[in-house]
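Reviewing the structure listed below.
The values are calculated or read from the model by the stated rules, or taken from the named source; none is laboratory data. Bear in mind that the values here come from a model prediction, so they are computed numbers and not experimental data. Cβ coordinates were reconstructed from backbone atoms using ideal geometry, including for glycine residues, and neighbour counts include every protein chain displayed. We work out accessible area using only protein heavy atoms, side chains counted, and drop any ligands, DNA or RNA first. Shrake-Rupley method; radii C 1.70, N 1.55, O 1.52, S 1.80 Å.
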Amino acid sequence: MPANSGGSEAAMPPSTVERYVGRLLGGSERYTLVEAASKAGMDEDTARRYWLSMGFPTIADEVTDRVFTDDDVAAMTRHQVILNQGLISADSLNSLIRAESHMSDRLVLWQHESLVEHAERTLGLDPISARYWVLDHFEDFHPYLQEQMQYSWRRHLASLLRRSEAEVTEMDKRRDSGDQLQRAVGFVDMVAFTNRSNEIGSAELVELIELFEHTCRDVISANGARVVKTIGDAFLFIADDLVTGADTATEIVERLRGQRGMLPVRASMVWGGVVSRFGDVFGPTVNLASRLVDISASGSVLTDKRTAEILRQLKLGRYTLVPAGSPDLKGLGKIEAVELRRMPSG
């Protein structure tokens, strides 16, 4: 490309990444926030809040910085149409945007890391070359990943709606559960993870994390429970019924016990009311489960006396409930702890 009349250096052609980004964004970033808001029929404050709810940083100069594409304007227009229809409040709509954007940020990071791992382990590339490979080839996986995401969303939404219908029907019959959802809340974590992670190399650390991560997620899903979140070296999961919660907690501990290279694990599981918000759960039941896992012995599952009594009344015949003292838990005081043991099958 020849130099321009001012004698400056010729413009460099766009990189592979920039060409791909252009296709992802539906064209060039040609509008400022002020211009995009105007085209979308949106006031600037609403546009600014929409952008921040998407999880992106404040734009330094909203009058001159060209950040938005035609696709962005189309998305902002859809947002404004929903607001104009009055179907939902602005606060609630922005909460929905935050939820999608937060999960999208986590999703693309996880996908990127998985492809880097593939390039290192399967293709034999060093860490830097592996990342260059992903930059050059992510577009190859784009159709599959996008279609799988849409399919997964539909499937999980269908599952949620069915669970919610069954649960609200039962709540309507009882009329005694208040505004809290009844859930089995479980924590699982690795013992002495911090010390161990300081002693081993990166490759071994990755293997340890993957073994823990994959086993926990597989057991939780297979039993019909659901992952709420990971917290460092710990998992928080919930189940809609107590038996599922108990089966999940004990099976994770059993599956990880004796696995080569695995640290000892411990768990807790408590039944009670929770408040669900932002894809997370809160309340005394969650706090109790969190405190119990901290004092659980390696390889054990702790619960409280109330949960143990409910399990005992179910007469399942596959659990042993062993008194585990009356620990004084921070912020909760003394409680009667019970160890939940799964009886050997067969």
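Summary table below
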read-out: Residues satisfying the stated conditions in region 301-327, i.e. charged (D, E, K, R), without any contact (Cβ under 8 Å) to a residue 24 or more places away in the chain and within 18 Å of GLU251 (Cβ to Cβ); value: none
read-out: Test: residue in region 264-274 that is closer than 26 Å to THR194 by Cα, modelled with pLDDT under 95, touching a Leu at 6+ places or on another chain (Cβ under 6 Å) and surrounded by fewer than 17 Cβ atoms within 10 Å (Cβ to Cβ); value: no
read-out: Residues satisfying the stated conditions in region 217-257, i.e. in contact (Cβ under 8 Å) with a residue 40 or more places away in the chain, under 20 Å from ARG163 (Cα atoms), open to solvent by less than 50 Å² (accessible area, probe 1.4 Å) and touching a strand residue (DSSP E or B) at 6+ places or on another chain (Cβ under 7 Å); value: ALA225, VAL228, LEU236, PHE237, ILE238, ALA239, LEU242, THR244, GLY245, ALA246, THR248
read-out: Output for region 28-80, where each listed residue is in a strand (DSSP E or B) and among the hydrophobic types (A, V, I, L, M, F, W, C); value: PHE68
read-out: Qualifying residue in region 275-292 (condition: open to solvent by 40 Å² or more (accessible area, probe 1.4 Å), out of contact with any Lys or Arg (no Cβ under 7 Å at 6 or more places or on another chain) and farther than 28 Å from HIS102 by Cα); value: no
read-out: Conditions (1) under 23 Å from SER296 (Cα atoms); (2) at pLDDT below 90; (3) among the hydroxyl-bearing types (Ser, Thr, Tyr); number of the one not met by THR169; value: (1)
read-out: Those residues of region 311-329 which are surrounded by fewer than 16 Cβ atoms within 10 Å (Cβ to Cβ) and of a type outside the set (Lys, Arg), in sequence order; value: GLN313, LEU314, LEU316, GLY317, THR320, VAL322, PRO323, GLY325, SER326, ASP328
read-out: Search result, residues across region 31-54 that are closer than 22 Å to VAL108 by Cα and either without any contact (Cβ under 8 Å) to a residue 40 or more places away in the chain or surrounded by fewer than 14 Cβ atoms within 10 Å (Cβ to Cβ) (or both); value: TRP51, LEU52
read-out: Members of region 242-256 that are out of contact with any Ser or Thr (no Cβ under 6 Å at 6 or more places or on another chain) and among the aliphatic types (A, V, I, L, M); value: LEU242, VAL243, ALA246, ALA249, ILE252, VAL253
read-out: Qualifying residue in region 191-201 (condition: open to solvent by less than 80 Å² (accessible area, probe 1.4 Å), assigned to a helix (DSSP H, G or I) and of a type outside the set (Lys, Arg)); value: yes
read-out: Within region 69-110, tally of residues that are of a type outside the set (A, V, I, L, M, F, W, C), open to solvent by 40 Å² or more (accessible area, probe 1.4 Å) and under 24 Å from the mean Cα position of the chain (by Cα); value: 8
read-out: Of all residues making up region 116-159, the number that are aliphatic (A, V, I, L, M) and open to solvent by less than 70 Å² (accessible area, probe 1.4 Å); value: 8
read-out: Flag for SER177 being touching a helix residue (DSSP H, G or I) at 6+ places or on another chain (Cβ under 9 Å), more than 24 Å from THR285 (Cα to Cα), modelled with pLDDT under 90 and among the polar types (S, T, N, Q); value: no
read-out: Scope region 258-285; condition among the hydrophobic types (A, V, I, L, M, F, W, C), over 20 Å from ASN223 (Cα atoms) and in contact (Cβ under 8 Å) with a residue 40 or more places away in the chain; matching residues; value: MET262, LEU263, VAL274, VAL275, PHE278
read-out: Criterion violated by ARG183 - all others in (1) outside any helix (DSSP H, G or I); (2) free of Cβ contacts under 8 Å to residues at least 40 places away in the same chain satisfied; value: (2)
read-out: Criterion (assigned to a helix (DSSP H, G or I), in contact (Cβ under 8 Å) with a residue 40 or more places away in the chain and of a type in the set (A, V, I, L, M, F, W, C)) met by exactly one of ALA99, ALA119; value: ALA99
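Here's the yes/no breakdown for (1) touching a Lys or Arg at 6+ places or on another chain (Cβ under 7 Å); (2) closer than 20 Å to VAL286 by Cα; (3) not aliphatic (A, V, I, L, M):
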{"site": "SER202", "(1), (2), (3)": "no, no, yes"}
{"site": "GLU210", "(1), (2), (3)": "no, no, yes"}
{"site": "THR215", "(1), (2), (3)": "yes, no, yes"}
{"site": "ALA222", "(1), (2), (3)": "no, no, no"}
{"site": "LYS229", "(1), (2), (3)": "no, yes, yes"}
{"site": "PHE235", "(1), (2), (3)": "no, yes, yes"}
{"site": "ILE238", "(1), (2), (3)": "yes, yes, no"}
